[in-house]
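Student: Take a look at this one; I'll ask things after.
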Amino acid sequence: MNEKNKKIIEALKNGLILSCQVKKSDPLYFSEVIEKLVLCGEWGDACGYRINTPENISKIRKITDKPIIGLWKINSETEDVFITPTMKEVDEIVKAGADILAVDATDRMNSNGKKAYEIITEIRKKYPEHLILADVRNAEEAKHALELGAHMAAPTLYRFGDNPKSTDSPDFEELAKMVQVCEGLGLIIMEGKISTPEEAIQSLYLGAHAVVVGSAITRPHLTTLRFTSMMNKYKRKIPLKY
C-alpha cells in the first residue's frame, strides 16, 4: 500500500465519516446543499465524507482535503445492485476525485448479469492505487470482498439481507461478527442507521475502524420520521430505500 493510502486510512481511524447524500425530492434540497453539509462537517470535525455522484464529488473535492468515499447510485428505486454497479460509474467517480471507491460487493446479480462483487477484481486491475470500500450485507460477504482485494468493508446493505433484524436500527451483532471474521484481511467501517454518539462509540468499541453517519445528521425529515414513527407505534416506517 502506498503512503497516500496509509495516510487516508490513518486519517479515518476512530473518526466520524459524514455521509452527505440528498435527493432532489428531499424537502431540504437546494443546489448547494451538499457543499453546505460538508462545511458543517468541517466545522464539526468530521474525518471524511461519503459523497454520491461524480458531480457532487468534484464539488466537494474543491472545498476539503479530507478523504472522500465516492459512489454513484444508479436506478436505486428499481435495481437490486445500485451502489456503483459497473466500471462506467467507477471511472467517473475516479475522475471526480474520490479517494475511496464504494461499491456493492454482495453476491447479488447486477444489471449486466454479473455478481456484484466481481467489480472488485476489475477495479484492482484498472485502478490498483485506489482504495476500495465493499458495501455488503453480512460478515460472509465482507470476508469474500476483502479476500478479492477490497481494503475495507461496511454493513451498509444489512437491511437488504434475508430477514434483517431491523431496517431502521444498527445491527451491532453483525458488526462484531464482521470484525472477528475479517481480522487480518482488512478494515471494517460501521455504516447503517447510526443515530447517536453513543452508538458511534459502541461501533468503535466493537472494532470498527471508523463510523459513517448520514441521515441522522444530514436529512432532518428522516430524523423527524424516526421520532414520529416510534411515537405513533410504527404506523409509518422509514422506507427501505430512502
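Student: Does residue 150 satisfy the criteria of being touching a residue at least 12 places away in the same chain (Cβ under 8 Å), over 24 Å from residue 34 (Cβ atoms), under 15 Å from the mean Cα position of the chain (by Cα) and surrounded by 23 or more Cβ atoms within 10 Å (Cβ to Cβ)?
Tutor: Values: touching a residue at least 12 places away in the same chain (Cβ under 8 Å): yes; over 24 Å from residue 34 (Cβ atoms): yes; under 15 Å from the mean Cα position of the chain (by Cα): yes; surrounded by 23 or more Cβ atoms within 10 Å (Cβ to Cβ): yes.
Criteria met by residue 150.
Student: If you don't mind, another one. Taking the conditions exactly as written (buried (at least 24 other Cβ atoms within 10 Å of the Cβ) and touching a residue at least 40 places away in the same chain (Cβ under 8 Å)), does residue 84 satisfy them or not? Don't jump to the end; show me each part of the working.
Tutor: Values: buried (at least 24 other Cβ atoms within 10 Å of the Cβ): yes; touching a residue at least 40 places away in the same chain (Cβ under 8 Å): no.
No.
Student: Collect the residues in the range 208-238 that are part of a helix (DSSP H, G or I), among the aliphatic types (A, V, I, L, M) and within 16 Å of residue 18 (Cβ to Cβ), keeping them in residue-number order.
Tutor: Looking only at the range 208-238, we keep the residues that are part of a helix (DSSP H, G or I), and these are 215-218, 220-231.
Next cut, among the aliphatic types (A, V, I, L, M) only: 216-217, 222, 225, 230-231.
Passing the criteria: 216, 217, 222.
Student: What's the number of the condition residue 173 fails, among (1) within 20 Å of residue 50 (Cβ to Cβ); (2) outside any strand (DSSP E or B)?
Tutor: The failed condition is (1).
Student: Turning to a different aspect of this structure: Would you pick out the residues in the range 115-141 that are within 30 Å of residue 170 (Cβ to Cβ) and part of a loop (DSSP other than H, G, I, E, B)?
Tutor: 130, 136, 137, 138
Student: Quick one: is residue 193 surrounded by fewer than 19 Cβ atoms within 10 Å (Cβ to Cβ), basic (Lys, Arg) and either more than 18 Å from residue 102 (Cα to Cα) or touching a residue at least 24 places away in the same chain (Cβ under 8 Å) (or both)? Don't jump to the end; show me each part of the working.
Tutor: Working: surrounded by fewer than 19 Cβ atoms within 10 Å (Cβ to Cβ): no; basic (Lys, Arg): yes; either more than 18 Å from residue 102 (Cα to Cα) or touching a residue at least 24 places away in the same chain (Cβ under 8 Å) (or both): yes.
For residue 193, the condition - surrounded by fewer than 19 Cβ atoms within 10 Å (Cβ to Cβ), basic (Lys, Arg) and either more than 18 Å from residue 102 (Cα to Cα) or touching a residue at least 24 places away in the same chain (Cβ under 8 Å) (or both) - is not met.
Student: When you look at residue 78, is it modelled with pLDDT under 95 and more than 25 Å from residue 178 (Cβ to Cβ), yes or no? Walk me through how you get there before you give the answer.
Tutor: Numbers: modelled with pLDDT under 95: yes; more than 25 Å from residue 178 (Cβ to Cβ): yes.
Spelling it out, residue 78 is indeed modelled with pLDDT under 95 and more than 25 Å from residue 178 (Cβ to Cβ).
Student: A follow-up question, please. All but one of (1) within 25 Å of residue 10 (Cα to Cα); (2) in contact with a His (Cβ under 6 Å, 6 or more places away or on another chain) hold for residue 27, so report the exception by its number.
Tutor: The number of the failed condition is (1).
Student: Moving to a separate point now. Take the residues of the range 24-52 that are of a type in the set (A, V, I, L, M), part of a helix (DSSP H, G or I) and out of contact with any strand residue (DSSP E or B) (no Cβ under 6 Å at 6 or more places or on another chain): which is farthest from residue 197 (Cα to Cα)? Please lay out each step first, then the result.
Tutor: Initial filter on the range 24-52 (of a type in the set (A, V, I, L, M)): 28, 33-34, 37-39, 46, 51.
From what is left, the residues that are part of a helix (DSSP H, G or I) are 33-34, 37-39.
Cutting the leftovers down to out of contact with any strand residue (DSSP E or B) (no Cβ under 6 Å at 6 or more places or on another chain) gives us 33, 39.
Details: 33: 24, 39: 20 Å.
Among those residues, the one meeting the criterion is 33.
Student: Run down 225, 240 and say which single residue is surrounded by 11 or more Cβ atoms within 10 Å (Cβ to Cβ), closer than 21 Å to residue 28 by Cα and out of contact with any strand residue (DSSP E or B) (no Cβ under 9 Å at 6 or more places or on another chain). Can you show your working first?
Tutor: Working: 240 fails: surrounded by 11 or more Cβ atoms within 10 Å (Cβ to Cβ).
One residue alone meets the criteria, 225.
Student: State yes or no: is residue 176 farther than 27 Å from residue 39 by Cβ, of a type outside the set (Val, Ile, Thr), out of contact with any Ser or Thr (no Cβ under 8 Å at 6 or more places or on another chain) and surrounded by 15 or more Cβ atoms within 10 Å (Cβ to Cβ)? Walk me through how you get there before you give the answer.
Tutor: Working: farther than 27 Å from residue 39 by Cβ: yes; of a type outside the set (Val, Ile, Thr): yes; out of contact with any Ser or Thr (no Cβ under 8 Å at 6 or more places or on another chain): yes; surrounded by 15 or more Cβ atoms within 10 Å (Cβ to Cβ): yes.
So residue 176 fits the description; yes.
Student: Let me ask something else about it. Report, by residue number, each residue of the range 133-147 that is surrounded by fewer than 23 Cβ atoms within 10 Å (Cβ to Cβ) and in contact with a Leu (Cβ under 8 Å, 6 or more places away or on another chain).
Tutor: Result: 143, 147.
Student: Turning to a different aspect of this structure: Cβ contacts < 9 Å: first residue free of Cβ contacts under 8 Å to residues at least 12 places away in the same chain and within 16 Å of residue 203 (Cβ to Cβ), restricted to the range 160-186; second residue exposed (fewer than 14 other Cβ atoms within 10 Å of the Cβ) and among the basic types (Lys, Arg), any location; separation 6+ or different chain. Result?
Tutor: Pairs that qualify, where the first residue is free of Cβ contacts under 8 Å to residues at least 12 places away in the same chain and within 16 Å of residue 203 (Cβ to Cβ) and the partner is exposed (fewer than 14 other Cβ atoms within 10 Å of the Cβ) and among the basic types (Lys, Arg), are 173/165.
Student: Please count how many residues of the range 1-23 are part of a loop (DSSP other than H, G, I, E, B) and under 14 Å from residue 187 (Cβ atoms). Let's see the steps before the verdict.
Tutor: Our first condition is that a residue be part of a loop (DSSP other than H, G, I, E, B); within the range 1-23, this holds for 1-2, 13-15, 21-23.
Among the residues that remain, those that are also under 14 Å from residue 187 (Cβ atoms) are: 1, 13-15.
Residues in the range 1-23 being part of a loop (DSSP other than H, G, I, E, B) and under 14 Å from residue 187 (Cβ atoms): 4 in total.
Student: A further question on this structure: Which of (1) under 21 Å from residue 15 (Cβ atoms); (2) acidic (Asp, Glu); (3) crowded, with 17+ Cβ neighbours inside 10 Å is the odd one out, the single condition residue 168 does not satisfy?
Tutor: Evaluating residue 168 over (1) under 21 Å from residue 15 (Cβ atoms); (2) acidic (Asp, Glu); (3) crowded, with 17+ Cβ neighbours inside 10 Å leaves (1) as the failure.
The values are calculated or read from the model by the stated rules, or taken from the named source; none is laboratory data. Treat the numbers as computed from the prediction; the structure is a model and nothing was measured. Cβ coordinates were reconstructed from backbone atoms using ideal geometry, including for glycine residues, and neighbour counts include every protein chain displayed.
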